[in-house]
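*Asks:* The structure follows.
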């Protein structure tokens, strides 16, 4: 055993061992409890950054811990290889996206191996490989045949100079990122998946996800946006009636104007003969309005010269076009109630439109409209026979009256819109459709899949090379056998990331999309990834999972049982980014300190779900701890090796614990107490306190007092057992140094296969007793207290217990009832 800690040598040896022994390759085993641990796979854009390192270290710690609990652990890794950055790099560096992507993959794979992540690399997936996207194309065609896929015109960002569609992130201040030209909104044909058909199930099943962060579930609920309302018909003379969905039918008598979107069919028809209206539509067309911006944007509009008839009063109501009405939501029209909606209020104030109050505050106070609209619920006023009803009562009463008149219908509506999966991009999965002049959109026959994306291409501009490659798009219609053209759009890259987790389970299957192995591994037991993916990726993956289930490919309802959304890595208070000049290169740290130091710092600096503030001194501190750990192992190597030669089953019983030195026994008791706390912290994924526990154990071991004894040296037994516990607690976090120390000290086997340390109450039999602890009558923990301890000591131990604290959850402790020698019950107040 080397006297000095040499991380580079130690880590190289450990990684070589894992690789040669295929330590992390797993197969299905119905006789073992499985655990599928997955971190969101990366886009291979260059090198790992600190956010990646933190994310993957958290996942690796979870996987290694579960492995040591004896479970059959799958932890795979792959590459979200398609996407826009590769095209941008191709244009900038004159390198094909495929070559750029695969170079990056090779580099990042090497970085991951160097950090020691316990991945089953035999299952590696690269989404730009035809063997992967073949099944995505196949599945899309299944959905096409089931009616869950359709094509329609949709608006996109259009760069008139480069003659191309731009992604939202390529529009900077309303201009194309490359040309600087003002971006227009254009309608072009797009492919859609009917995610709205699953809206209710996606919303309902959020309640099943008990181990997801509440914030993520709330974001998905808001994105799906279920609402109950009434669709009301407003007749318009000489035009089709305007149908308006509202969640506030109680305000119907307060309508003073109708507002329609610039893209509304009525607006379009009138603009054909109204140059001013056409100009206004064009001005609005070039601005994509996000829903979140509506509250602060300048409200603009113009009258259409039409009136609609109020369905209950029969009064004429002017119809306006307004820039704050979105065609994407509802019917693209709204009934404006300026007294009770702030957007309607601001528009009415600007254009001198009337305001009519029909809801009074429930406390009967007068509302001052100088401060804006009154938007709360209340009591109806000036609303004919509905006057005096509460808003809740009026909802049903007004809805029933409209239904009786056949001028309204109760409806449930969702904010969620169908998923547009077309991208006018080259570097993506080709959409497997053939466009025929005679037959329309024709699916590519299964026997002709995959439709392979040509990889040897050159970018002569920003237009997709597929549009100019006759060898790709020219083909024959499978139905009529006449000349036809392949679809040159490619899939949104969220398609690839929506099912990769399932393909990992049966990666080498080449006869079907999935097989029975997927049902063994799924659902994923632990998913790790940033909260920035809370809505789109996680929602699309949930949708895809249900689609695969309904196609008979899976037998579960949800893809991910537990979700951990890690916090960001900050430097000087800001997220690390090249633009801010505060990036720390993880490779430099690994080269200097070793991977274990980086892993240890990442886990110790903050709980996983919180942001981590970078600290150079913190990294150095982590490295000093590992040097101390190694030095202590070297110091006690002879003791541990000697005891490792003895029969393990009799080691503890060989000592005369009744005559043991009290100070030594107390150290042993504290080590096992810390072990219990660390196990609890591993389960709740608070790895910063696990590291803290390990530091405490090392401090205890280094200060074990000497004692005279004619028995087996109890101090040596404590060192032997305590260091074994310490190494196993640290193994998921710092796997290399613990692997080497375990071998150098002749502990049995390798630490990766060592069982998780168990409680050993032998030293507690003499001087401590165990109390069962209840909180409000429910078993929550167990604590050990000294024999004869008084009430104050017992209560102190109970209150300090982490599980008790979690159960109390900040509530006031009213009293603690103690049954001597048996149990304690903590009674809390509200």
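Only the coordinates and a few stated rules stand behind these numbers; no lab work does. All figures in this text were calculated on a predicted structure; none of them were measured in a lab. With ideal geometry, Cβ positions are generated from the backbone for all residues, glycine too; neighbour counts draw on all protein chains shown.
*Asks:* So for the range 226-413, averaging the separation of alpha carbon pairs under 8 Å that are six or more residues apart and normalising by length, what relative contact order in percent results? Show your work: numbers first, answer last.
*Replies:* Values: 363 pairs, mean separation 54.0, N = 188.
Dividing the mean separation by the residue count of the range 226-413 yields 29 percent.
*Asks:* Now for a separate question. For the pair residue 22 and residue 313, what calculated FRET efficiency results from E = 1/(1 + (r/R0)^6), where r is the Cβ-Cβ distance and R0 = 60 Å, to the nearest 0.05?
*Replies:* Numbers: r = 78 Å, r/R0 = 1.30.
Taking R0 as 60 Å, the efficiency between residue 313 and residue 22 is 0.15.
*Asks:* If each residue's Cβ is checked for other Cβ atoms within 10 Å, how do 105, 242 rank with the fewest at the top?
*Replies:* Working: 105 18, 242 24.
Final ranking by Cβ density, sparse to dense: 105, 242.
*Asks:* Now for a different question. What 222 nm value per residue comes from the helices of the chain, counting each DSSP H run with n ≥ 4 as -39,500 (n - 2.57) and dividing by all residues, nearest 500 deg cm²/dmol? Display every interim value, and only then the final one.
*Replies:* On the way: 27 runs with 302 residues, N = 830.
It comes out at -11000 deg cm²/dmol, rounded to the nearest 500.
*Asks:* Need the full-extension length gain, residue 613 to residue 381, defined as separation in residues times 0.36 nm minus the C-alpha distance. One decimal, nm.
*Replies:* Details: separation 232, 0.36 × 232 = 83.52 nm, distance 5.56 nm.
Going from the current span to full extension adds 78.0 nm.
*Asks:* Sticking with this one: Going by how many other Cβ atoms sit within 10 Å of their own, how do 113, 603, 77 line up, fewest first? Before the final figure, lay out each step's value.
*Replies:* Numbers: 113 15, 603 25, 77 22.
Listed from fewest to most nearby Cβ atoms, that is 113, 77, 603.
*Asks:* Taking 22 Å as R0, compute the FRET efficiency from the Cβ-Cβ separation of residue 480 and residue 188 and round it to 0.05. Spell out each step's value before the answer.
*Replies:* Working: r = 25 Å, r/R0 = 1.16.
Given R0 = 22 Å and the Cβ-Cβ separation, E is 0.30.
*Asks:* Taking 0.36 nm per residue of sequence separation and subtracting the Cα-Cα distance, how much length would be gained by fully extending the chain between residue 150 and residue 283, in nm to one decimal?
*Replies:* Details: separation 133, 0.36 × 133 = 47.88 nm, distance 2.98 nm.
The span from residue 150 to residue 283 would gain 44.9 nm if fully extended.
*Asks:* Let me ask another. Starting from the 7 Å offset along Cα-to-Cβ, what nm value, one decimal, do you get for the label separation of residue 813 and residue 390?
*Replies:* For the pair residue 813/residue 390, the computed spacing is 4.2 nm.
*Asks:* Now, a different point. Residues of the range 370-397 with backbone nitrogen within less than 19 Å of a virtual label 7 Å along the Cα-to-Cβ line of residue 329, please, listed as ranges.
*Replies:* It comes to 373-377, nothing else.
*Asks:* Right, next: Please report the relative contact order for the range 765-828, taking Cα pairs under 8 Å with a sequence separation of at least 6, and give it as a percent rounded to a whole number.
*Replies:* Working: 100 pairs, mean separation 25.0, N = 64.
In percent, rounded to a whole number, it is 39.
*Asks:* Where does helix 84-93 land angle-wise versus the long Cα axis of the chain, in degrees 0 to 90, nearest 10?
*Replies:* Value to nearest ten degrees: 90.
*Asks:* A further question follows. Classify the range 113-239 as rounded, prolate or oblate from the Cα gyration tensor: take a ≥ b ≥ c as the square roots of its eigenvalues, call it rounded if a/c is under 1.5, otherwise prolate when a/b beats b/c and oblate if not.
*Replies:* Numbers: a/c = 1.69, a/b = 1.18, b/c = 1.43.
Note, shape of the range 113-239 comes out oblate.
*Asks:* If I fit a long axis through the Cα atoms of helix 342-351 and take the longest principal axis of the Cα atoms of the chain, what angle between them do I get, 0 to 90°, rounded to 10?
*Replies:* Rounded to the nearest ten degrees, it is 40.
*Asks:* May I ask for the angle, rounded to the nearest 10°, between helix 7-20 and the longest principal axis of the chain, with both axes built from Cα atoms and the value confined to 0 to 90°?
*Replies:* The two axes meet at around 80 degrees.
*Asks:* If you compute Rg/Rh (Cα atoms, Kirkwood Rh) for the structure shown, which of (i) 0.96; (ii) 1.30; (iii) 1.05 do you land on?
*Replies:* Checking each listed value against the structure points to (iii).
*Asks:* Take each of the peptides 83-96, 443-456, average the number of other beta-carbon atoms within 10 Å over its residues, and list them starting from the highest. Present the calculation step by step, with values, prior to reporting the outcome.
*Replies:* Working: 83-96: 17.6, 443-456: 14.9.
My ranking of the peptides, most packed first, is 83-96, 443-456.
*Asks:* Suppose R0 equals 45 Å. What FRET efficiency, 1/(1 + (r/R0)^6) with r the Cβ-Cβ distance, do residue 91 and residue 802 give to the nearest 0.05? Each step should come with its number before you reach the end.
*Replies:* Details: r = 55 Å, r/R0 = 1.21.
That pair, residue 91 with residue 802, gives E of 0.25.
*Asks:* Let me ask you something else. In nm, to one decimal, how far is the residue 512 label point from the residue 591 one, both placed 7 Å along Cα→Cβ?
*Replies:* My value for the distance between the label points is 4.9 nm.
*Asks:* While we're on this one: Does the range 400-548 come out rounded, prolate or oblate, given a ≥ b ≥ c as the square roots of the eigenvalues of its C-alpha gyration tensor, rounded meaning a/c under 1.5 and, failing that, prolate meaning a/b above b/c?
*Replies:* Numbers: a/c = 1.83, a/b = 1.22, b/c = 1.50.
Since a/c reaches 1.5 but b/c is at least a/b, the shape of the range 400-548 is classed as oblate.
*Asks:* If you don't mind, there's one more thing I want to ask. Fewest Cβ neighbours within 10 Å first, please rank 175, 221 accordingly.
*Replies:* Details: 175 16, 221 13.
Ascending number of Cβ neighbours within 10 Å: 221, 175.
*Asks:* Hey, another quick one. Quick one: if you stick a label point 7 Å off each Cα along the C-beta vector at residue 121 and residue 452, how many nm between them?
*Replies:* Output for this residue pair reads 2.6 nm.
*Asks:* If you don't mind, there's one more thing I want to ask. What number, in percent, do you get for the relative contact order of the chain if the mean sequence gap of Cα pairs under 8 Å and at least 6 apart is divided by its residue count?
*Replies:* Details: 1405 pairs, mean separation 115.2, N = 830.
Worked out over the chain, it gives 14 percent.
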